[in-house]
1. Being surrounded by 14 or more Cβ atoms within 10 Å (Cβ to Cβ), in a helix (DSSP H, G or I) and among the charged types (D, E, K, R): is that true of B:Lys11 here?
2. Just one of the numbered conditions (1) closer than 30 Å to B:Pro122 by Cα; (2) loosely packed, with under 11 Cβ neighbours inside 10 Å; (3) not basic (Lys, Arg) is not true of B:Gly102; which one?
3. Might you check whether a residue that is touching a residue at least 12 places away in the same chain (Cβ under 8 Å), touching a helix residue (DSSP H, G or I) at 6+ places or on another chain (Cβ under 6 Å) and either over 21 Å from A:Phe299 (Cα atoms) or within 14 Å of another protein chain (Cβ to nearest Cβ) (or both) occurs anywhere in segment B:90-101?
4. Could you please find all residues in segment A:87-126 being loosely packed, with under 15 Cβ neighbours inside 10 Å and under 27 Å from A:Phe145 (Cβ atoms)?
5. If you go through segment A:311-368 one residue at a time, how many are touching a Leu at 6+ places or on another chain (Cβ under 9 Å), within 23 Å of A:Ile185 (Cα to Cα) and hydrophobic (A, V, I, L, M, F, W, C)?
6. Quick check on segment A:142-158. Is at least one of its residues touching a residue at least 12 places away in the same chain (Cβ under 8 Å), within 25 Å of A:His194 (Cα to Cα) and not β-branched (Val, Ile, Thr)?
7. Filter segment B:104-124 for residues that are within 14 Å of chain A (Cβ to nearest Cβ) and either over 30 Å from A:Phe251 (Cα atoms) or at pLDDT below 85 (or both) and give the result.
8. Helices (runs of 4 or more DSSP H) wholly in segment A:86-195 with at least 1 residues that are under 23 Å from A:Lys277 (Cα atoms) - which ones?
Amino acid sequence: MINTKKLSNKIKYTGTACLIIGALLIIFSFLFDAKRAFYNYIIMYTFIVSIAVGALCLIAIEYMSGAAWSVPFRRVNEFLSSAIPFLIILVIPIIPGIHTLYHWSHKDAVDTDPVLQGKSPYLNETFFILRLFICILLWIIFYIFIIRNSRKQDYSKDIALTNKNIKISVLFAPFAVITLTLTSIDLIMSLEAHWYSTIFGIYYLAGTLLSGISAVTLISVLLAQKGYFDERIQRRHFHTFGMLMFALNVFWAYIAFSQYLLIWYADIPEETFWLLKRMNGHWQYFSISIIFIHFIIPFIVLISSAVKTNLNILKFMAIWLLAAHWLDLYWLVMPAFDDHSLAIGWVEAGFPIFTVGIFILLFVYKYSKVNIIPVGDPKLKHGIDMFLYPDLSID
Amino acid sequence: MFGFFKKIKNKITEINSDLGIDERNQELFAVSALFDTPDDIIKAAKTLSSSGFKKYDIHTPYPVHGMDDPMKLKPSKLGFFTFFFGSLGTLTAIAMIFYMAGFDYKNIIGGKPFFSLPPSIPVTFELTILLAGAFTVFLVLILFNKLPLNNNPLLDTEYMKRVSSDKFGAIVEADDELFNKDEIIRLFKSLGSSEVNLIYKFKHNELTTERPIFDFKFITLLFLLALITAAVTYFSLNKLIYLPPFNWMSEQFKVKPQTQSTFFEDGYSMRNPIEGSIPRNELPYEYRGLPDSLVKYMSNPLPVSKEVFEKGKTMYDIYCSPCHGYYGKGDSRLNGQFPNPPSLHTDRARLMKDAAIYHIITTGQNIMPAYDKQIPQLNRWAIVHYIRALQRSQNANDGDMNK
């Protein structure tokens, strides 16, 4: 029952080329400027976490809310979240970089700094590495359980598997929020260890869900336009994708503004220096353009319902928002590397290319093994038909 | 209790039937048909719209998805209304906060600018949502549904009762250009309708105006309701329930100046500054109590400028003029009540060094008290400049005429 329509080989070759070029560029950048490359590596790692774990979160949300419209597209989410097991390899290069990246990992710096001393029970190397791996292991466990049940259903068509997955998803929800908060605090916020923001975890989580839904939208639109889905999949389905992208984008802006407003109002030097760094030098132009790129332009473009059902604009906005999330991570991470000027050059180029390569190859591989539509899901018929025609008969 | 309500209801029904409000005349309003399944109603909608009817409507007990296409409905314009009122809310909020916080009632909060964007955004956000939601609903109800109008002929019919519980209904209004009673009844029957009825108009139109919101009766009723609400609220809050006056702001657990303290050992509630501390911009004066001969002559640190003279004049008029007079002639409004102060235009005063005048202002002389507690250091120097200007103006020599 595997997909009858094959993906063209071109996609596979593009993916392989991206992966190889990206990997080579990354290796060169490490040889050229190891410190800068480590910072970029953090951006890449958190971006891959965003898409992979974000996709898994969307699967969990679908099960918990009993959504039917997204069932035809659930496999796209599953394919994207298949990057989760690879995180355990991708995280390894960060470990030798701890001393380069994190100020708090130096013993002599901690000894003379009462703030870092106070944080040292949490911010120390052993606990840091332990947390990174515990988070990844938790994601892998939930990934395996949820995906295995979903695949089994293709053959057994058993409604009990859906119920099982609902329970697993409910269990996953708090873990997802906690692990993503820890990951973002550890990897990004502790780059400037003196700074703290209690809303930072949810800030990263908002970006994660946004990039998750954007990636799913992008791939679903591409597949639908090439005819890989059921022909009954309508533009109304994509209207919902557009709405979610719009809503999560506004949610991101809401959280980002809340963080800014509180720091602005309280005006405490411990908190303001982080923003001041981003409001001086070349960073101020970057900060202002982030507001436009990540919020105002997508808000204006996506507000109309005509746009949300236009697949080409939707595809473009999905790519736009993915790029915006990358820039957002760049804005969070890079001022710790250079607080005056932007570091943009060939060193930065390899990392996004590598990321694209990973996801294309994973998708191609999974597509050759697994059905692109969860044919055994009891909600599938309702999901496909729900915008087409009223169907009141209860099967 | 329920008997009472029943009595009222019966009375209303009685009045209605007396007035003949429930009666219908023989003027046809529409032909209605009931259908059993949503598939039937969608088929009916398709047929009606493709036969070219304009004034027809579909009623269903729940929203049936996919009804827009068979009915050939245009996309709703509600979004534009919402967008318009939302933008209006944004602009109103920004303008309101800009005027209130920036001009009308300036308050320093945490050292921030009077008007700044970040704290205005939450209010702007709320007002945007409020206007987009409430105004859209209200105005659209009033403009398009003719809100207070409550005599649509479909009301109180068996048809309406059924389509709001278990049937799907379609009507074609008699106003339609293509309306033909017998043909439409036949059409509905052929579509599989279980019941076809004729609906007649009411005899009486309670509200006759085009826009019932402007109806005199309606506005009077609204006004009376507002009056009654206000009166009841006033009576119940002020007469029935007595609330103690709001006085938490005047009764605070804080130290008030010039009062006794039970907290500090010395019994004073005001504290002295720590010994040896000096105020900002105030250097201690080192020649206090010394005779003039020992005063070291320092020069005036302030430049000669318009601002300095204006400052000096203000300070002089406040602190010096009560005795020395506005022009320094010793002819003030207190003249005669005290030993007259000397004129500032005597040779002695004119030949004094700046620092000597400063010394006198700071430490006092004869019965003139010291002014160092009242006038800050630099302002005393500004006064010195102003006195010099006064002396020059009152004792101009011939050379000054040429300038």
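The values are calculated or read from the model by the stated rules, or taken from the named source; none is laboratory data. Quick caveat: nothing in here was measured; it's all calculated off a predicted structure. Note that each Cβ is placed from the backbone with ideal geometry, even for glycine, and that neighbours are counted across all protein chains shown.
1. Answer is no for this residue.
2. (2)
3. Yes.
4. Within segment A:87-126, A:Ile88, A:Ile89, A:Ile92 meet the criteria.
5. 9
6. No, every residue in segment A:142-158 fails to be touching a residue at least 12 places away in the same chain (Cβ under 8 Å), within 25 Å of A:His194 (Cα to Cα) and not β-branched (Val, Ile, Thr).
7. B:Ile108, B:Ile109, B:Gly110, B:Gly111, listed by residue number.
8. Filter on segment A:86-195 gives A:98-101, A:107-111, A:114-119, A:159-187.
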